[in-house]
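The block underneath contains the structure these notes are about, expressed in structure tokens.
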Amino acid sequence: MTDRYCVFGNPVAHSRSPAIHAQFAAQCGQDLTYEALLAPLDGFADAVARFVAAGGKGANVTVPFKEEAFRLCQRRSARAERAGAVNTLCFNADGIFGDNTDGAGLVRDIEVNLAQPLAGRRILLLGAGGAARGVIAPLLACQPTALFIANRTADKAEALARAFADIVAVDAGNYAKTAGRSFDVIINATSASLAGEALPLPPGLFAPGSLAYDMMYGKGETPFMGLARAQGAACVADGLGMLVEQAAEAFALWRGVRPDSLPVLAALRRQLAG
Ligand code: NDP
């Protein structure tokens, strides 16, 4: 029987995940279906229960349900525990297992696809929401020399830094507090680009040879990517690769086989541009 997977979100119609997983399945000869399911804002747990009862094997979870998905799980991976959020669910005989593949997806896109090692580099993470929290431990595992978390609301960045202080000392504050420093890798994990807004970053943040990475993606360049180019970033990327890589990680967890993400990323890039 064909195995069923889905992504839960609200909204979810825009999701690229069904197309990504269909390509992975074809590539790996896996017999599965993957659909986008709209869960009511107050009905996520019921939607999951219905999908499981109908034979669902696993699911991805997107905005705004990642924290609720975390609470729904009987067991979680260590990286999901650290993230406090779950984007991948596995439905087993012994209950629901939750993982978070966002951080691994980001790291793989940066280190493998963009060939930018993170070890020994100074990282500035912009934003202190769910996406930022999910990637901190995987970034720290790459052994950068420094991590600074900057956010519009400084308190939230400081709380995140405290939450990871047992791994390494992390600096935090508002954007103005980064003045006078420079970084080798600057990652935008805010949703400012969604609103078409640039961040009020002080000049001089981008060190020579630096990478600017926006987790957002779309048809053209985001305001952050434009700002990074203007301020001298050597490599500028959007978050499409992260999207495909977090999906590949989830697919590998479900099916025990790792798809080749690059042709899928290239196809998606062509689609977005067209
Ligand atoms: P949250 O709502 O949890 O957090 C939003 C963050 O953005 C907060 O830090 C908030 O600051 C900041 N922010 C929002 N608007 C502005 C603004 N106008 N100026 C400055 N800061 C602003 O969102 P998520 O963390 O879940 O998602 C963040 C982004 O990451 C989204 O764009 C999402 O699409 C992207 N993402 C991409 C993924 C991928 O696979 N490529 C995966 C996951 C997320 P404050 O605390 O001050 O409100």
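The values are calculated or read from the model by the stated rules, or taken from the named source; none is laboratory data. In this text the structure is predicted, and so the values were computed from the model without any measurement. So basically every Cβ, Gly included, is an ideal-geometry build from the backbone, and we count neighbours across all protein chains shown. Accessible surface areas use protein heavy atoms only, side chains included; no ligands, DNA or RNA. Shrake-Rupley method; radii C 1.70, N 1.55, O 1.52, S 1.80 Å.
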Taking alpha-carbon centroids only, segment 168-222 lies from segment 238-274 a number of Å equal to 24
Can you compute 3J(HN,Hα) from phi for each residue in segment 210-216, using the Karplus curve 6.51 cos²θ - 1.76 cosθ + 1.60 with θ = phi - 60°, rounded to whole Hz and x for Gly and Pro? 6, 9, 10, 10, 9, 5, 6
Whole-Hz couplings from phi, Karplus 6.51/-1.76/1.60, listed for segment 228-238; x for Gly and Pro: 5, 4, 4, 8, x, 4, 7, 10, 10, 9, 9
Percent antiparallel among DSSP beta bridges confined to the chain, nearest 5, equals 20
Sorted by accessible area (1.4 Å probe), largest first, how do K219, K156 line up? K219, K156
Pick from A93, A207, A132: which is most flexible by mean-square fluctuation in a GNM of the chain where alpha carbon atoms under 10 Å apart are linked? A93
Within a Gaussian network of the chain (alpha carbon springs, distance under 10 Å), most fluctuating of A250, A161, A26: A26
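Could you please state how large a percent of the accessible area of segment 103-238 is carbon and sulfur, counting protein chains only and using a 1.4 Å probe?
Values: 2980 of 5620 Å².
It is 53 percent, rounded to a whole number.
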Angle between the Cα long axis of helix 240-255 and the longest principal axis of the chain, 0 to 90 degrees, nearest 10? 40
Under a point spin-label approximation (7 Å from Cα along Cα-to-Cβ), what is the Q231-V257 distance to one decimal in nm? 4.5
I want to verify a result. In a Gaussian network model of the chain, Cα cutoff 10 Å, which of these has the top mean-square fluctuation: D166, D214, D109? D166
Apply the Karplus parameterisation 6.51 cos²θ - 1.76 cosθ + 1.60, with θ equal to phi minus 60°, to every residue of segment 18-31 and state each ³J(HN,Hα) to the nearest whole Hz, in sequence, with x for glycine and proline. x, 5, 5, 5, 5, 5, 4, 4, 4, 4, 9, x, 9, 8
Express in whole angstrom the spacing between the alpha-carbon centres of segment 1-39 and segment 136-167. 32
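Once the piece of chain linking C28 and Q143 is laid out straight, how much longer is it, given 0.36 nm per residue of separation minus the C-alpha distance between them?
Numbers: separation 115, 0.36 × 115 = 41.40 nm, distance 3.29 nm.
So the chain would gain 38.1 nm between C28 and Q143.
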Spin-label pair A119/I167, simplified geometry with 7 Å Cα→Cβ offset, distance in nm: 1.7
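For the chain, what is the accessible area per residue in Å² when the probe is 1.4 Å?
On the way: 11730 Å² over 274 residues.
So the chain comes to 43 Å² accessible per residue, rounded to a whole number.
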For segment 103-238, what does the alpha-carbon gyration tensor say about shape, rounded, prolate or oblate, given a ≥ b ≥ c as the root eigenvalues, a/c under 1.5 as rounded, and a/b over b/c as prolate? rounded
Find the relative contact order for the chain and round it to a whole percent, using C-alpha pairs within less than 8 Å whose residues are 6+ positions apart. 15
Any aspartates and glutamates whose Cα falls less than 18 Å from that of K177, other than same-chain ones fewer than 8 residues away, would be D155, E158
How about K57: which aspartates and glutamates have a C-alpha closer than 15 Å to its C-alpha, ignoring those fewer than 8 places off in the same chain? D3, D31, E35, D94, D99
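Let's test the formula: R0 of 35 Å, r as the Cβ-Cβ distance of E221 and L41. What FRET efficiency results, to the nearest 0.05? Write out the running numbers ahead of the final one.
Values: r = 32 Å, r/R0 = 0.91.
Efficiency, from the Cβ-Cβ distance: 0.65.
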